[in-house]
1. Scan G54, G61 and give me the residue that is under 19 Å from the mean Cα position of the chain (by Cα) and at pLDDT 90 or above.
2. Taking N28, is it in contact with a strand residue (DSSP E or B) (Cβ under 8 Å, 6 or more places away or on another chain), of a type in the set (S, T, N, Q), surrounded by fewer than 14 Cβ atoms within 10 Å (Cβ to Cβ) and at pLDDT 95 or above?
3. Somewhere in segment 35-56, is a residue farther than 30 Å from H237 by Cα and outside any loop (DSSP other than H, G, I, E, B)?
4. Which of (1) more than 16 Å from the chain's Cα centre (by Cα); (2) over 29 Å from Q213 (Cβ atoms) does L4 not meet, given it meets every other one?
5. Do any strands (runs of 3 or more DSSP E) entirely within segment 130-249 hold 2 or more residues that are in contact with a helix residue (DSSP H, G or I) (Cβ under 7 Å, 6 or more places away or on another chain) and without any contact (Cβ under 8 Å) to a residue 24 or more places away in the chain, and if so, which?
6. Does A191 meet the test of being under 26 Å from I52 (Cβ atoms), of a type outside the set (K, R), in contact with a Pro (Cβ under 8 Å, 6 or more places away or on another chain) and surrounded by 21 or more Cβ atoms within 10 Å (Cβ to Cβ)?
Amino acid sequence: MIQLEQVTKVFNPGRVNEVMALNNVSLNIQQGEFVIIIGANGSGKTTLFNTIAGAVIPTKGKVWIAGEEVTTLPDYKRSKWIARVFQNPFDGTAPDLTILDNFRLAALRTQSKPLKIGINTAFKRSVQNTIARLGMGLENKLNQPMGTLSGGQRQALTLLMSIMDTTTVLLLDEPTAALDPKSADIILKVAQSLIKEYQLTAIFITHNLKDAQQYGNRLLQIHQGKLVRDLNAAEKHKLLLQNMYEWFG
């Protein structure tokens, strides 16, 4: 589903502040895999994410999604495959619009549809049923402005909005870093359920070792722009039981 071939990204090339964020990274992620990415700050995790999403174009190397080369394709053209949940819970929603209108926009995300979509009873019922899985009672507040909700509520809804239109790849960019433990737990459990139910290919950046152990069936460690560990589920569970705090030194 996702393939990187010898991808390198250099920021500010030839200048005194030149940074090699990715260094000859090759990676193959199969459809349906739930991949956890860990690494210290500045290791290249976010650059890797942005390269897959299309927000960053590699200095050299190639990127494929679903068998199609997308190396120079911008992020908005990759939206037919990719949905993304950011670290900041306020980045993924329109605060002045209602919950229902936000879901309506999500349903219009990747392709042209009649403007009347989302105003019928069937769509409203579908949104209510989708939101009900959170157990937050928000399914009864569809006309409430999104901006009046807590960060955890908005992040949970952003996650659900990612499946309102065709999505095959879900990028979770530290989506619980700014949330309280209860909200974080809800979001990750719902994410795991959605990944399995919709057979999504998912990548999750986290600094939380407990989450890295509990979720995903593959673990990657990025260090100084290089892929230094690539572990399957059994290997990551064994290693994460050991002292791994040195990874983030």
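The values are calculated or read from the model by the stated rules, or taken from the named source; none is laboratory data. Just so we're clear, the structure is a prediction, and the values are computed from it rather than from any experiment. Virtual Cβ from ideal backbone geometry, glycine too; neighbours counted across all protein chains shown.
1. Matching residue, one of G54, G61: G54.
2. yes
3. So far as segment 35-56 goes, no, none of its residues is farther than 30 Å from H237 by Cα and outside any loop (DSSP other than H, G, I, E, B).
4. (2)
5. In segment 130-249, there are no strands (runs of 3 or more DSSP E) which contain 2 or more residues that are in contact with a helix residue (DSSP H, G or I) (Cβ under 7 Å, 6 or more places away or on another chain) and without any contact (Cβ under 8 Å) to a residue 24 or more places away in the chain.
6. Yes: the conditions hold for A191.
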